1. Would you please give the residues with an amide H less than 5 Å from that of Phe601, counting only those at least 5 places away or on a separate chain, with H modeled from the backbone geometry?
2. Can you figure out the FRET efficiency of Asn163 with Asn231, using R₀ = 45 Å and their beta-carbon distance, to the nearest 0.05?
3. In a Debye calculation with equal point scatterers on the alpha-carbon sites of segment 447-499 and no solvent, what is log10 I(q)/I(0) at q = 0.14, 0.25 Å⁻¹?
4. For segment 128-138, just list the computed ³J(HN,Hα) in residue order, Karplus coefficients 6.51, -1.76 and 1.60, θ = phi - 60°, integers in Hz, with x standing in for Gly and Pro.
5. Note down the nm distance, to one decimal, between modelled labels 7 Å out along Cα→Cβ at Met612 and at Glu510.
6. With every protein chain present, what is the per residue accessible area of segment 185-343 (1.4 Å probe, Å²)?
7. What are the residues whose amide H is under 5 Å from the amide H of Glu56, where those residues sit 5 or more places off or on another chain and H is modelled from the backbone?
8. Provide the convex hull volume over Cα atoms per residue for segment 157-263, in Å³.
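The values are calculated or read from the model by the stated rules, or taken from the named source; none is laboratory data. Everything numeric in this text was worked out from a predicted model, so none of it was measured. With ideal geometry, Cβ positions are generated from the backbone for all residues, glycine too; neighbour counts draw on all protein chains shown. The accessibility values were calculated without ligands, DNA or RNA, using every heavy atom of the protein model including side chains. Shrake-Rupley method; radii C 1.70, N 1.55, O 1.52, S 1.80 Å.
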Amino acid sequence: MRISYFCPTNYKILADIIHLLPDNIANQIAAGEVIQRPSSAVKELLENAVDAGADEIKLIISDAGKSLVQVIDNGKGMSPIDAKMAFERHATSKIRNIDDLFTIKTMGFRGEALASIAAVAQVELKTKRPEDVSGTFIEVENSQVVAEEPIGMNSGTSIAMKNLFFNVPARRNFLKSNTTELKNIVEEFIRVSMAFPDKFFSLQSNGQEVFHLEKGTLKQRIVQILGNTYNAKLVSVLEHTDYLNIMGFVGKPETAKKTRGDQYIFVNNRFIKSSYLNHAIMNAFSELIPKDSFPMYALFIDLNPAQVDINVHPTKQEIKFEDEKIVYAFVQSAVKHALAQFSITPTLDFDLDPTIQHLDSVSKPTSAERNASVASSSLYQTFSQKNQAHFIERKSDLKHWKDFYESDTSAPKSVEESISVMHKEYTATFDLFQLNHQYIVVPNETGFMLVHQQHAHERVLYDQYALAVEGKPIATQQSLFPATIELTPADAILLTELLDDLQELGYQIESFGKHTFIIQGTPADVSQGNEKVTIEKILDQYKHFNMDLACSKREKLLRSLAMQNAVKVGVKLGQKEMQTLVAELLACSMPSATPGGKPTFMHFKKDELEKMFGK
Ligand code: ADP
Ligand code: MG
């Protein structure tokens with residue numbers, strides 16, 4: 001037999017290696033990019049419903065979406081021909097040419113979702129346009145239309161995806177447990193429904209309604225989705241600039257959680273993942289929350305679509321900004337600004353009832369230092385006047401509490417002298433008054449100081465306690481009827497460790513048997529009969545600190561005690577009490593913040609106030 005290099009048979013074998021994949025296989029492979037799991041279909045179908053202009057969108061799933069994902073909407077529907085076209089790859093009504101990509105206003109545009117779904121699941125589509133008498137029913141399997149008939153129905157569209165990956169068992173095996181898949185679905189549902197609070201959304205899983213989101217404001221939607229704990233705990237973020245707009249909410253610092261979650265960034269109403277922008281927001285929160293905790297945020301950034309490339313990822317969750325740095329800086333500044341503003345005017349963004357306003361959580365102000373750093377951002381100059389970021393900028397000269405008196409030209413230079421001048425000035429000249437049972441307004445020649453009564457007292461007490469453990473013990477008042485206190489074994493060990501320091505602080509406590517202690521005496525300000533509760537509260541507070549704080553036992557104890565014993569927000573103070581508190585605060589070595597770093601007062605200067613009023 002003659003063997004030739006040019007042997008036609010050989011040639012044929014080589015040529016046969018390459019062949020075209022049948023459409024349905026090609027589609028199945030391509031579908032892998034868009035539909036990886038039930039939640040991917042949820043996202044695509046919900047987005048299509050939004051694009052169709054629906055304002056009622058229902059999601060129904062069974063078996064964590066593995067056997068059914070169905071979205072029913074009341075949107076504009078499809079013609080019988082479009083209904084079939086919709087399942088073709090690259091079939092879209094949303095763009096016509098490449099330029100359209102840069103003005104895109106819809107969620108979808110790649111024309112891949114329905115084709116992908118039809119390649120890897122059984123699909124039933126029902127759709128009707130308002131102008132048509134009857135609707136269309138279509139069944140698709142392996143990318144082929146297998147049934148088609150007119151039906152009677154209301155306007156809108158229902159798309160049911162059944163038995164995902166029925167024809168791709170290998171991919172089916174990659175699906176996770178129902179719990180995980182359901183979690184993914186809920187996440188996608190939230191991401192879409194949060195962006196459209198003016199639309200009704202519901203989610204039904206295995207016959208049970210899990211979400212029922214009535215139309216409302218963004219704030220209402222956030223609370224509906226993330227829970228009532230955020231009610232009255234949201235700070236509004238709102239900045240308009242020529243380049244971009246930012247709106248939305250961040251959770252107050254105290255709502256920060258130990259686990260990431262509840263964090264949403266939307267660009268032109270599309271949820272995106274951006275560790276870069278997340279960083280910007282975390283930065284804005286940096287001094288307000290513990291290091292390893294995560295604040296809630298739902299922020300909407302709107303900018304000219306030409307400035308973003310959403311086309312970089314098939315699921316459109318990662319996007320590219322034309323100028324990433326600007327967006328970063330804007331986002332960070334907007335959040336800082338919001339946090340700073342809410343603390344100056346706690347009720348600004350809230351329709352709170354007055355009792356809530358007295359809560360500690362509503363009242364935490366920001367620090368002068370923080371305001372100053374906000375202001376140092378040159379970006380504020382570009383914020384529009386209307387949104388008042390410039391207020392903060394003008395406070396940039398307020399870097400320290402000392403500004404309060406140093407602005408006075410005759411002001412002395414040493415801290416002690418200054419404090420005494422301050423002291424004289426307000427005690428001699430002005431009456432103090434209490435605001436909201438929470439702040440003390442301290443007027444002076446150059447403006448006024450707003451003192452947070454609880455924070456201020458915390459600082460004062462802490463300094464007293466620190467002195468006590470360093471050799472100036474606080475006097476003990478002996479109890480007439482010493483109370484016994486029985487603790488859990490763990491608490492007993494804790495208290496035993498603290499007994500010596502507590503003694504210096506005026507608490508005379510003796511161990512009495514296994515987990516029992518006798519309280520022989522307490523500082524004079526603990527009223528008779530309250531000894532036991534006081535000790536229990538101190539232990540509680542201490543344990544709370546124990547988890548979060550890397551500092552000495554003694555330090556923790558001092559801080560717990562100061563927090564525990566400080567006068568609370570909501571307590572009415574007399575003129576004398578206010579005078580004493582402010583005087584004692586100013587006598588502290590670090591009067592401007594609590595030991596935990598929360599500000600104790602803010603200073604408002606006359607000229608700044610006048611500028612705020614446009615003078
Ligand atoms: P894309 O959304 O990227 O255009 P899809 O594959 O998701 O691609 O959808 C293809 C087309 O089908 C859409 O462009 C739209 O015209 C139509 N369509 C899909 N879902 C709906 C719906 N719920 N209501 C009306 N039209 C729809
Ligand atoms: Mg789509």
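1. Under 5 Å from the amide H of Phe601: His452.
2. The calculated FRET efficiency here is 0.65.
3. Log10 of I(q)/I(0), two decimals: -0.69, -1.00.
4. Here the 3J(HN,Hα) series is 8, 7, x, 7, 8, 6, 10, x, 10, 10, 9 Hz.
5. Label at Met612, label at Glu510, 5.7 nm between them.
6. Each residue of segment 185-343 exposes 40 Å² on average to a 1.4 Å probe.
7. Long-range HN contacts for Glu56: Asn74, Phe200.
8. 186 Å³
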